[in-house]
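Structure first, commentary second.
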Amino acid sequence: MSQYTIQSAVKVLDTLFAFDTTEPLRWEELGAKTAQSRNQVFRCIRTLQEYGLITERDGGYVLTPMLLKLLPSLRRDPLATVAEPFLREFQAQTDETVNLVARWNQKETITLSTFPSRHSIRLVSQIGQVSFLHAGAVPKAMLAFASREEQEQILGELSAYPRYTEWTVLDADQLRQELEATRKRGYSISDQDFEVGGRGVGAPIFDRRGNTIGGISVGGPTVRVSDDILQVWGPRTRQVADQISRELGWTGLPFETTDREDDVS
């Protein structure tokens, strides 16, 4: 961190972003998640409480609706603005949950928009949900089209990443093969590796320089999403993602050049 960073503010923000579940969190859990002492956690909790961002419930602490005030600015993200009409149409076509996800930092992604299925049994996504790049439809799609250096960095740290379900791949060689397959076909497949009972596909979104800045996914419960459906969704998801990319100024050349280089090697 730089000399201008306010260390106490960072601790408070670490505590705020530790709320990655809808279940109440006790101070002990917050301490473990943020690697802070009991006294530090207490001060952070009190600060967030007095500001109105968290409240006590069922013996722990939960976020308050005050955070929803940030959503309008988040949804005005240029990527969300460009993608929304495409995703609304895509959701109507598939009648399953469609998500727009952006690159959050070097190793994580964040959900910008979600268009839920009308089915009573469906996948539920949360705006603002942060996840790592090694699991889930869009994260794996973005990782597959990231630079080789970025991929190898993630793969080298894979053992320290969360195992979301028993199907989450934490073996570097296995995930590397999956990323290669994703790169060749242009879309990823998520089969319960992020959420038990959920299957879907994802495709990357590129900016005008050919960088992966986000991606889209469509998914549903395993009882409704067969292998045949995934094979239909995959190319269509890639097509919609490409349309969004072109609206952002992408020409398609980086994707095509990458494929040619892979074939030559």
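Summary of values
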read-out	value
Top of ILE216, ILE54, ILE189 by mean-square fluctuation, Gaussian network on the chain, Cα under 10 Å	ILE54
Unit charges at the beta carbon, dipole of the chain: most positive-side option, GLY136, ILE6, ALA80	ILE6
Dipole axis of region 13-75 (+1 Lys, Arg; -1 Asp, Glu on Cβ), positive-most option in ASN39, GLY60, LEU70	LEU70
Kirkwood estimate for the chain, i.e. one over the average of 1/r between Cα atoms, Å	19.7 Å
In order through region 137-149: 3J(HN,Hα) via Karplus (6.51 cos²θ - 1.76 cosθ + 1.60), integer Hz, x for Gly, Pro	4, 5, x, 5, 5, 5, 5, 4, 9, 6, 5, 4, 5
Lys/Arg +1, Asp/Glu -1 at C-beta; region 71-264 dipole; positive extreme among PHE90, TYR187, LEU170	PHE90
Residue of PHE42, PHE145, PHE115 that the Gaussian network model of the chain assigns the largest fluctuation, springs spanning Cα pairs under 10 Å	PHE42
Phi-based couplings in Hz for region 200-212 (Karplus 6.51, -1.76, 1.60; Gly and Pro marked x)	x, 10, x, 9, x, 10, 10, 8, 5, 8, x, 7, 7
P(r) weight above 13 Å for region 7-63, C-alpha pairs, percent	52 percent
Area projected by the alpha carbon convex hull of region 172-235, averaged over all directions, nm²	4.9 nm²
Cβ-placed point charges (K, R +1; D, E -1), dipole of the chain about Cα centre in debye, nearest 20	840 debye
Residue order, fewest to most beta carbons within 10 Å, for MET66, MET142	MET66, MET142
Cα-based Lys proximity count in the chain, under 28 Å, for pairs eight or more positions apart or on separate chains	10
Per-residue Cβ neighbour rank within 10 angstrom, fewest leading, LYS140, LYS184	LYS184, LYS140
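Every read-out reported here was derived from the displayed coordinates using simple, explicitly stated rules and does not represent laboratory data. Everything numeric in this text was worked out from a predicted model, so none of it was measured. Cβ: placed from backbone, ideal geometry, glycine included. Neighbour counts: every protein chain shown.
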